[in-house]
Amino acid sequence: MVAEGIGPSSVCGPRAHRKPGCGLGGQPATQLCICVAQWARLAGGPWVWPSSALCFLQPSLLCSPTPSLEDGSGSGLSDSEESVFSGLEDSGSDSSEESSESEDGASSGESHGGLEKTSGQQVQATGTPSLRTEAPTVRGDEYAEDSSDEEDVRNTVGNVPLEWYADFPHVGYDLDGKRIYKPVRTRDELDQFLDKMEDPDYWRTVQDRMTGHDVRLTDEQVALVRRLQRGQFGDVSFDPYEPSVDFFSGEIMIHPVTNRPADKRSFIPSLVEKEKVSRMVHAIKMGWIQPRRPRDPTPHFYDLWAQENPNAVLGRHKMHVPAPKLALPGHAESYNPPPEYLLSEEERLAWEQQEPDERKVGFLPRRFPSLRAVPAYGRFVHERFERCLDLYLCPRQRKMRVNVDPEDLIPKLPRPRDLQPFPTCQALVYRGHSDLVRCLSVSPGGQWLASGSDDGSVRLWEVATARCMRTMPVGGVVKSVAWNPHPTICLVAVAVEDTVLLLNPGLGDQLAMGNTDQLLAAFTAPEEPALQPARWLEASQEERQGGLRLRICHGKPVTQVTWHGRGDYMAVVLAAQGHTQVLIHQLSRRRSQSPFRRSHGQVQRVAFHPVRPFLLVASQRSIRLYHLLRQELTKKLMPNCKWVSSLAVHPAGDNLICGSYDSKLVWFDLDLSTKPYRVLRHHKKALRAVAFHPRYPLFASGSDDGSVIVCHGMVYNDLLQNPLLVPVKVLRGHTLTHDLGVLDVAFHPTQPWVFSSGADGTVRLFT
C-alpha cells in the first residue's frame, strides 16, 4: 500500500533510456540512494531496508561505472514484479481512495496498518525487494504467480462496460479476486516503430480489451479473419454453392405428401358441367358454333370499285373517272437511245440548273452497252407508292368548284377597341401568403378583398393600396372563401377542412359590423332542437376577439361555400359519397338541410340562380338545374367535357359558363338548348376558375398555363340575336409552381377590374 503512486519509472526512468556506466536506470549511484530514500520518505511507511538491497547499493557507491542493467539481472526484480510495479505508476486515484477510506473508520485503519506490517515482514523475509502491494501470501515457488508467463488471465468483469474502468488503474479481477492492472503505456512512437521493425510477428498482435494484454493471433485465427474480410463463411468446410433440394417439386414422388383419399363429390357427376355440355351440344346443332376449318393460304385483296350500288347517291352521278394510266416509254428512256436524244455537256449543265417542274424530261438519257448493265431505278418504290395513292384516293365524282372568298368565311367580329372597357394590364400585386392561394372573394362595396391560402390563414386586403389589413389564422387549408353579398351584413364564410367558419372581418362600416353582431345575437335556440346534418356552434370569447362568430361543423371535408344573393342562405359542397354532398344552411334560423335524396355522381360546384329560385349543381359530366320551391329537376345540361371544374352564372340568369380540366370553356344558353352554344378552347391547360362581371359584359377564365383570358360576352334582349363572344385580352403575371398556375378569378363589383390568385402565393389585380 505504501508503494502506490510511485513506481520505478519515476525513480529510474524507462528502460529504453538506460545507459551503460551508470546506476539503475541511467542515474549515478549516489543519486539512486537519494532517490530511494526520498521514495521511502514519501511513501510514509516504516521501511526496513534489507541487507541484500544495501549490499546491492554498496558497489554502486564505491566503484565507478557499473555494467548495464538492461537484462534485469542486477536489479533484483523479475519482469512480473517490474510490470506490476510499473502498473502502479498511474494509480494515484486508487491510493487517494484508500487514504480517504483509512480516515473514515478505525477498522479500516487497523487493516491498513496490519497490511503494512505484513508487507514489511515480507520484505525482511525475502532476499529481494518485493514491492507488490497485493494480499500478503507466502510464495513457495518463484514462478507460481509470474504474470509474464500467464497467457489466460481470466477477467471476471462479466457484462459490465469497460468504460467504467476508464479512471482506474485496473481493468477487472481474476478468478482469485485480484486486480488485473492495466499494462504500462509509457511507450512512445519510436518504441512502437522499433518493435514493429524487430518483431516479425508484430502484424498479428492485437490488444485484448478485457485484460489489456497483447494477444498474438495464430495462423488459424488469421485465416479466419481473412475469410470474414472477403465476405466468406467462417467454417472452411461450409459450401454455399451446394445444390439445394426442393421438397415440393414438380416431380411425381412415390410417396405423396398427403395420402388422403379422394372426396366423395369427385365421383358424382357435376350438374354444372352437364348443363354446359348440353348448351354446347345445342349450339352445335343450331349452327351457332362452327367447326374450325382450315384457312385458305391464298391472299385476299379488297377491290374498291367491285361492288357499286347504282341506286346509291354516288351511283346516280354517271361521271365515272377512269383510273389514270402511265404514259408509254419513248426513245429517250431506252437503254440505247439514238444519238439525237443524248444531251451534250452544256445541255446537261442547263438541265441540272433548271427547277424540277421546268424540265421537259425528269431524267437524263444515258447509253448502256447491254440491258443487264442498266442499274436499278432509284425512285421506283417511291413512284409506285404515289401511283397506289393516286388509285386509292381517286375522287369518285366530280365536284363543281365553288369560288368562295376566304374573307367571307371569317365571322365579322368587332374590334377590341370598340369593346372597351376591359382589364388590360397588371396594376397591383398582393404579397404575404407563404403557400398557394386557392380562393378569393371581394366585398360587395369593392373596398376589401379576402384571400384563403394553404398556409392556414385568411388575409384581408385593401383593394386600392394592396395593404394587408388583417391576418386571421384558421388552422388548416382554406378551400373556399365567400363574402356575404348583402351590403348591410359584414360576414365572410371560410371553408376549412370539415368546418365552415363565419368571420366578422371588422373592416369598413362600423354600423354594418354592429348590425351583423345584433343579427347573430338575436337568434334564440328552440326548446327541442331538430336533427340536422350539421352542428352550429357559438364561438368562445377568445375566438370572438379574433373575429370568429359561428362555426358550422360537418362530418366530411368542405370543398366549396357560396352565398345566395340575399345573404341569408348559403350552399356547401362536401367531399363525400351519397346524397349528402350538398347542404343548404339558413343563417337567421341556424338551420341546415340536405335537399337531395339521391346522388348523381361526385358534385364539383354549386351556384344559386341570381333571379329565380334555382340551384345549379355541376357534377363531373353534367350540370343539373333544380327548382327549389317545386323540388324537382328542371333541366340537365351536357357540357361534353371529361371533368367539370368550375361554374358561373350570368347576372341576368339566362346564360352560364363552365370550365373543365380538359381546357374547355363551355357557354350555355338556357333558353336555347341543353347542349353547348359555344365551346372555347383558348387555354392550353386545365381551367381552374371562371367568373362573370356583375355589371359589364365581361367574363374571365383562369388556367394552369398561368394566364387569365378576358372575353367580351354581350347578351341581347332580342331572342333572335345570339350572344356575342369575343376574346379581348390575355393577362399574364403568375409564375407556374408545381405545374399549377391561376387557381381562382373574381371581378370587382363596380369597376372593370379582375383579381386572380395563383400557386405562386400572390394575388394580382388587372385594370
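The values are calculated or read from the model by the stated rules, or taken from the named source; none is laboratory data. Here the structure is a predicted model, which is why all the values come from computation and not from measurement. Every residue, glycine as well, gets a Cβ built from its backbone with ideal geometry; the counts of neighbours run over all protein chains shown. We work out accessible area using only protein heavy atoms, side chains counted, and drop any ligands, DNA or RNA first. Shrake-Rupley method; radii C 1.70, N 1.55, O 1.52, S 1.80 Å.
The set of residues in the stretch 152-206 being open to solvent by 60 Å² or more (accessible area, probe 1.4 Å), touching a residue at least 12 places away in the same chain (Cβ under 8 Å), closer than 25 Å to Q221 by Cβ and among the hydroxyl-bearing types (S, T, Y) consists of T156 alone. Selection within the stretch 519-550: residues that are more than 12 Å from L502 (Cβ to Cβ) and touching a Cys at 6+ places or on another chain (Cβ under 7 Å). The member of this set that is most open to solvent (accessible area, probe 1.4 Å) is R535. The strands (runs of 3 or more DSSP E) found wholly in the stretch 531-584 and carrying at least 3 residues that are closer than 21 Å to P485 by Cα occupy 548-553, 558-563, 569-574. Report whether or not T516 is among the hydroxyl-bearing types (S, T, Y) and crowded, with 17+ Cβ neighbours inside 10 Å. Yes: the conditions hold for T516. Checked against (1) open to solvent by less than 10 Å² (accessible area, probe 1.4 Å); (2) assigned to a loop (DSSP other than H, G, I, E, B), H486 passes all but a single condition, namely (1).
Within the stretch 711-728, can one find any residue that is outside any strand (DSSP E or B), of a type in the set (S, T, N, Q) and over 30 Å from K412 (Cβ atoms)? For the stretch 711-728, residues outside any strand (DSSP E or B), of a type in the set (S, T, N, Q) and over 30 Å from K412 (Cβ atoms): absent. Of the residues screened, V429 is one that is under 52 Å from the mean Cα position of the chain (by Cα), surrounded by fewer than 16 Cβ atoms within 10 Å (Cβ to Cβ) and of a type in the set (A, V, I, L, M). Given the structure, is A450 touching a residue at least 12 places away in the same chain (Cβ under 8 Å), open to solvent by less than 60 Å² (accessible area, probe 1.4 Å), aliphatic (A, V, I, L, M) and under 24 Å from R535 (Cβ atoms)? Considered against the rule, which asks whether it is touching a residue at least 12 places away in the same chain (Cβ under 8 Å), open to solvent by less than 60 Å² (accessible area, probe 1.4 Å), aliphatic (A, V, I, L, M) and under 24 Å from R535 (Cβ atoms), A450 comes out as no. Determine if the stretch 233-250 includes at least one residue that is hydrophobic (A, V, I, L, M, F, W, C), surrounded by 10 or more Cβ atoms within 10 Å (Cβ to Cβ) and outside any loop (DSSP other than H, G, I, E, B). Within the stretch 233-250 (the criterion being hydrophobic (A, V, I, L, M, F, W, C), surrounded by 10 or more Cβ atoms within 10 Å (Cβ to Cβ) and outside any loop (DSSP other than H, G, I, E, B)), the answer is no, since none of the residues qualifies. Annotation note: of L736, L698, L740, the sole residue that is out of contact with any strand residue (DSSP E or B) (no Cβ under 7 Å at 6 or more places or on another chain), of a type outside the set (G, A, S) and touching a residue at least 60 places away in the same chain (Cβ under 8 Å) is L740.
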